[in-house]
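The values are calculated or read from the model by the stated rules, or taken from the named source; none is laboratory data. Computed from a predicted structure; not experimentally measured. So basically every Cβ, Gly included, is an ideal-geometry build from the backbone, and we count neighbours across all protein chains shown. Remember, those area values only see protein heavy atoms, side chains included, never the ligands or the DNA or RNA. Shrake-Rupley method; radii C 1.70, N 1.55, O 1.52, S 1.80 Å.
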Amino acid sequence: MKTSLRVFGGLLLLSASAIAQNNKPIYTSKAYTIYPDRVVQGKYTAKAISSTSLTSDYRSPANMFKSPVIEFKFSINGKDNEMTPGINHHFICLAQANETPIIKFGEADKAQKAVSATTFLKPSTQIKIRLDMGPVLKAFKEQGFYTCVNGDKIYKNDFKGVFVAGNTAPMIWDFNNLVNHPDLELKDPDGDGIYETTLILNRPEDENKIASSWTMTRDASAFPQYHSGYKISDAVYNLALEEMQRAVEPDSTFRTGKEWGGVWTRDISYSIILSMAVLQPKVAVYSLMRKVKNGRIIQDTGTGGAYPCSSDRMIWGVAAFEVYKVTGDKDWLEKAYRIIKNSADDDALNVYDSQTGLVRGESSFLDWREETYPKWMQPADIYESECLGTNVAHYQVNKVLSQMAALLKDPAAAELYSKRAVTIKKGIQEHLWIPEKGYYGQYLYGRNYKTLSPRSEGLGEALSVLFDAAGLNAQSVISNTPVNEFGVPCIYPQIPGILPYHNNAIWPFVESYWAMASAKAGDETSLMRAISAVYRPAAMFLTNKENMVATDGDYAGTQINSSNMLWSLSGNIALVYKVLFGIHYNESSLQFQPFVPKALDGERSLENYKYRGAVLNISMKGFGNLIKSISLDGKILQDATIPASLTGMHTVKITLADNVLSGKSNLQPGYTAPETPVVNYGKGTLNWDKIAGAISYHILKNGKMAASVKAHSYKLQANGYAEYQVASVDAKGISSFNSEPVQVIPANVVSVTEAETVADKSDLPYQGFSGSGFVEISKTKNTIINILINITQTGVYAVDFKYANGNGPINTENKCAIRTLDADGHFAGTVVFPQRGKGVWSEWGFSNSVKIKLSKGKHNLSLQFKPANENMNGDINQAMVDYLRVIRLD
């Protein structure tokens, strides 16, 4: 009897100890708390019932408290061209069925009534939106075109439709994507000039609910088995393993996400680097090869017709090398090397900037233009931007190429790519580092004179540390980059008037890279915050979501949000492999560099971990980032390194040194920068509207600060060519984006050569050109255009082209036209003619400009189609060229 009582008492003590342990938080913030077996966020709780079972009572508030104030504006051909950016229409939906008054296109609202903060949009609210297109139709009839508020002309033949964009679903603010939403197009079936559409707002079926429980149903025994004293950690790991299996398609390639079919270059690449090279090396190779065409890496469809406006395809090379380091497959090494080399050599001509040492092209993965760029930037401007994340990816791939070349006994190539990597790293340090902030700026942007956007960029900051581009700045980057309660935002501060997707958003895969970078920098505070920011959404939402709103952590408030997202689940798994156990791959070995925050102190194991011909059963205890002892089958393991030659099953035991680490995070509340001014120029004066919240305006001349004013105008002292920009600044000193550059071009510094005077004039029926016509360039027509110019004064000149490209929309497809510009027989630069709207051929804009130093006298400029100028389409590489413009800058 006494024995039974002692056993019962012991069980009670163990139970009490377990309860006490589970009630001790491992992470606490103002927004949520993580315990060993659960996550608590306000009134919601997600609980790990076991290592293979989770429950959650979370419900998104997104549909419960929507404002009845609907904000919207109209769009011709899917562009923001009705009114000045920042000026929108408003309507208050108080009834179940609503109808707007007839709104005249381009005419601003009168004063708005206030609405109570406790009044919300009713479920399934109907709104009929009515638009008077009379001013546009009248202009079409009388002039043949309509002139938009920004001065752009829309020709009658180019009119493809009028749409509504807005802040309440199903409306969106993504103007470029409106053409893909038929319900947002207004129609005029009776031909009276009044266009209409009827929308249902706040539909219950749009609530996008999550499941209430998850229990593992797939057999994951073939993959590494993770166990720790923290059920929440074990459960989210197993959830990721199960979702990983669902992410493999019948053709043995990765599916990007539940809502994202197919293989995407950047998605699979970042996922492979995180953990898919380890878990699914064959699927990784099949997926990588799916993104190869003509021996080169495919750039996903994107801004202005993809490559080279977007150029982050090169992260493929880092992923391919990770597969080699994991598998040791020499055939794959040789195949991947040729593909990466071909692509990198094209990039050296098409996207490398010899003046800054940086790489041109859109921010890596931040490919939804207005979510991260000012609205005024055209695709050619985005091509010209030089972005942190994309540059760090190119830096790393050149290092990888150098290592691959060395392994393949090509020392000359190894030296070449090593030098390219050094050049890019130097450019990052010289042009993107912000000493007073302690992190890197978002990108260089502008036109002939670029400036640095001071926003932080989460993925780029993390990769700069992880790939060693940051050098001695690594700790500063981790400590100073702004983070929110729910994680590191894609950018900070946010852009006004743009719904969350990349703007005001947290992406779990970025958070995982941030965790790896924090571990590398030895910052425990930042690391624990990052781990928690991955655990919380996985447990709360019972899936690895694509993203969430930065300000409230909700999954339902973003423009698109897929479950079972490949790179999110890959990052979840990477926390175990690459952070806690610190498993890192070299060309011929595996090395342990573990980092266990003190809050996660204890024993953990990773069994059935495969490395080439070996199977490792790993156990680890303690905390910290220093190894006290490590053994392989009971023998001391030198340098914590497993050689690639090891075969069979082995036991690895690690004891950490329990070293106490510190660190800090620059925790900041959500914050939105002021609106970007829209600047007009006339009679020697810059003018712009008052910006809400702005207390002053910075005036920039040729990329440098010229003045700070409180007025809404600025008198110029013009002498020679100059570019002027204006930025609004709020009371906290936070600046908007710089406005679109206003070019002041005296007649004596510019020359124009009409294309039809030097090449065969096209007979296509397009309008809006200058002179007597225009010239078609394609893979068969006018592949070389020679233009003789006469320079009257030695100096630096900007050369660009007025062009049209109606082969696709601004935001997708792959028909950006690319050409090489030679000056007097020598390479001068690459000229891009991005898509400007599907079927829109009478809207003309400027290409990027190429800066050339020219001496006084005659010079031959030659626009040529060369092999390196192939785009991602391969067949259509076409544009219409109106004229060449040459401007003296100095």
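Name the residue from TYR440, ALA517, ASN503 whose Cα lies farthest towards the positive end of the charge dipole of the range 400-559, charges +1 on Cβ of Lys and Arg and -1 on Cβ of Asp and Glu.
Going by the charge dipole, the pick is TYR440.
How high is the relative contact order of the range 446-495, given as a whole-number percent (alpha carbon pairs under 8 Å, six or more residues apart)?
44 percent
Rolling a 1.4 angstrom probe over the protein chains, ignoring ligands and nucleic acids, what is the accessible area of TYR146 in square angstrom, nearest 10?
Counting only protein heavy atoms, TYR146 exposes about 30 Å² to solvent.
With N set to the number of residues, divide the alpha-carbon radius of gyration of the range 121-192 by 2.2 N^0.38 Å and report two decimals. Spell out each step's value before the answer.
Numbers: Rg = 14.3 Å, N = 72, 2.2 N^0.38 = 11.2 Å.
Relative to the 2.2 N^0.38 Å estimate, the range 121-192 comes out at 1.28.
Between GLU142 and SER50, what is the spin-label point distance in nm, taking each point 7 Å from the Cα along the Cα→C-beta axis?
For the pair GLU142/SER50, the computed spacing is 7.8 nm.
How much FRET efficiency would the formula 1/(1 + (r/R0)^6) give for GLU603 and LYS419, where r is the Cβ-Cβ distance and R0 is 56 Å, rounded to 0.05?
Step by step, r from the Cβ atoms, then E = 0.75.
Rounded if a/c is under 1.5, else prolate if a/b beats b/c, else oblate: with a ≥ b ≥ c from the C-alpha gyration tensor eigenvalues square-rooted, which is the range 349-485?
Here the range 349-485 falls in the oblate category.
Strictly greater than 46 Å: what percent of every Cα pair in the chain meets that?
When every Cα pair of the chain is considered, 29 percent fall beyond 46 Å.
Which distance in Å, rounded to a whole number, links the C-alpha centroids of the range 254-278 and the range 38-76?
Cα centroid of the range 254-278 versus Cα centroid of the range 38-76: 25 Å apart.
Rounded to two decimal places and with Rh computed the Kirkwood way over Cα pairs, what is Rg over Rh for the range 598-655?
Over the Cα atoms of the range 598-655, Rg/Rh equals 0.98.
Could you let me know the centre-to-centre spacing of the range 82-131 and the range 873-890, using Cα atoms, in angstrom?
Result: 42 Å between the Cα centres.
Going toward the positive end of the dipole of the range 35-159, with +1 on Lys and Arg Cβ and -1 on Asp and Glu Cβ, which of VAL149, SER60, THR84 do you reach last?
Of the listed residues, the answer is SER60.
For the charge dipole of the chain, defined by +1 on Lys and Arg C-beta atoms and -1 on Asp and Glu C-beta atoms about the Cα centroid, which residue among GLY720, ASN22, TRP567 has the Cα displaced farthest towards the positive pole?
ASN22
Quick one: work out the % antiparallel among DSSP beta bridges in the chain, nearest 5.
90 percent
Divide the volume of the convex hull of the Cα atoms of the range 78-123 by its number of residues and quote the answer in cubic angstrom per residue.
In the range 78-123, the Cα hull volume divided by residue count equals 127 Å³.
HIS89's amide H: which non-local residues (gap 5+, or another chain) put their own amide H closer than 5 Å, with H modeled 1.01 Å from N in plane and none for Pro or chain starts?
PHE72, LYS73
Run the quick spin-label model on LYS635 and ARG246: label points 7 Å from Cα toward the beta carbon, then report their separation in nm to one decimal.
So the label points at LYS635 and ARG246 sit 4.5 nm apart.
What dipole magnitude, in Debye to the nearest 20, does the chain give about its Cα centre under +1 on Lys/Arg Cβ and -1 on Asp/Glu Cβ?
For the chain, the charge dipole is close to 1520 debye.
Give the cross-link partners of LYS187 among the lysines, using a straight C-alpha distance below 23 Å as the criterion and excluding same-chain residues fewer than 8 apart.
In chain and number order, the partners are LYS73, LYS79, LYS104, LYS128, LYS138, LYS141, LYS153, LYS156, LYS160, LYS838.
Leaving ligands and nucleic acids out of the surface, order ARG130, ARG536 by accessible area at 1.4 Å, largest first.
Accessible-area ranking of ARG130, ARG536, largest first: ARG130, ARG536.
Bin by bin, in steps of 10 Å, what percent of the Cα pairs in the range 106-252 do you find, going until the bin that has the longest distance?
For the range 106-252, the binned pair fractions read 8, 23, 21, 16, 14, 12, 5, 0 percent.
Quote the accessible area belonging to LYS156 in square angstrom, nearest 10, computed with a 1.4 Å probe and with ligands, DNA and RNA left uncounted.
Answer for LYS156: close to 120 Å² accessible.
With labels modelled as points extended 7 Å from the Cα through the Cβ direction, what inter-label distance (nm, one decimal) is found for LYS761 paired with ASN617?
8.4 nm
Using only the Cα atoms, what convex hull volume per residue in Å³ does the range 292-404 have?
98 Å³
I'd like to know how the range 435-592 sits against the 2.2 N^0.38 Å rule of thumb: what's its Cα Rg over that expected value?
Ratio of Cα Rg to 2.2 N^0.38 Å: 1.05.
Given R₀ = 35 Å, FRET efficiency for LYS853-LYS690 by Cβ-Cβ distance, to 0.05?
The value I calculate is 0.25.
Ordering HIS394, HIS712 by how much accessible area each has at a 1.4 Å probe, largest first, what is the list?
HIS712, HIS394
For the range 394-546, give the percent of accessible area contributed by carbon and sulfur heavy atoms, probe 1.4 Å, rounded to a whole number.
Whole-percent figure for carbon plus sulfur exposure: 57.
Roll a 1.4 angstrom probe over the protein heavy atoms and tell me the percent of accessible area of the range 816-890 that is carbon or sulfur.
On the range 816-890, the fraction of accessible area on carbon and sulfur atoms equals 50 percent.
Could you please report the charge total around ASP760, scoring K, R as +1 and D, E as -1 over all other residues with beta-carbon less than 12 angstrom from its beta-carbon?
-1
Express the relative contact order of the range 449-534 as a whole percentage, based on alpha carbon pairs under 8 Å and six or more residues apart in sequence.
It rounds to 32 percent for the range 449-534.
As a check on your grasp of the helix formula, calculate [θ] at 222 nm for the chain: sum -39500 (n - 2.57) over DSSP H runs of n ≥ 4, divide by the residue count, round to the nearest 500. Present the calculation step by step, with values, prior to reporting the outcome.
Numbers: 15 runs with 202 residues, N = 890.
The helix-only estimate for the chain comes to -7500 deg cm²/dmol at 222 nm.
Could you check how much of the accessible area of the range 192-243 is carbon and sulfur, as a whole percent, using a 1.4 Å probe?
For the range 192-243, the apolar C and S fraction of the accessible surface comes to 46 percent.
At 1.4 Å probe size, what's the solvent-accessible area of LEU241? Round to the nearest 10 Å².
Using a 1.4 Å probe on the heavy atoms, I get roughly 0 Å².
Provide, as a two-decimal number, the C-alpha radius of gyration of the range 230-298 over 2.2 N^0.38 Å, N being how many residues it has.
Ratio of Rg to 2.2 N^0.38 Å for the range 230-298: 1.19.
On average, how much accessible surface per residue is there in the chain, in Å², for a 1.4 Å probe, leaving out ligands, DNA and RNA?
38 Å²
Rounded to two decimals, what is Rg over Rh for the range 670-766 when you use alpha-carbon atoms and the Kirkwood radius?
That ratio is 1.16, to two decimals.
Per-residue counts of other Cβ atoms within 10 Å, averaged by peptide: what ranking do you get for 829-835, 473-479, 511-517, 101-107, highest first?
Ranked from most to least packed, the peptides come out as 511-517, 829-835, 473-479, 101-107.
With r as the distance between the Cβ atoms of GLN668 and ARG218 and R0 = 56 Å, compute the FRET efficiency 1/(1 + (r/R0)^6) and round to 0.05.
0.90
For the range 701-820, what are the per-bin percents of Cα-Cα distances with bins 10 Å wide, up to the bin holding the maximum?
Spelled out bin by bin, the range 701-820 gives 9, 28, 27, 24, 10, 2 percent.
Between the range 595-611 and the range 498-532, what is the C-alpha centre distance in whole Å?
Centre-to-centre (Cα) distance: 20 Å.
Can you work out D for the range 54-94 in µm² s⁻¹ from Stokes-Einstein, where Rh is the Kirkwood radius over C-alpha pairs, the temperature is 4 °C and the viscosity is 1.567 mPa s?
It comes out at roughly 97 µm²/s.
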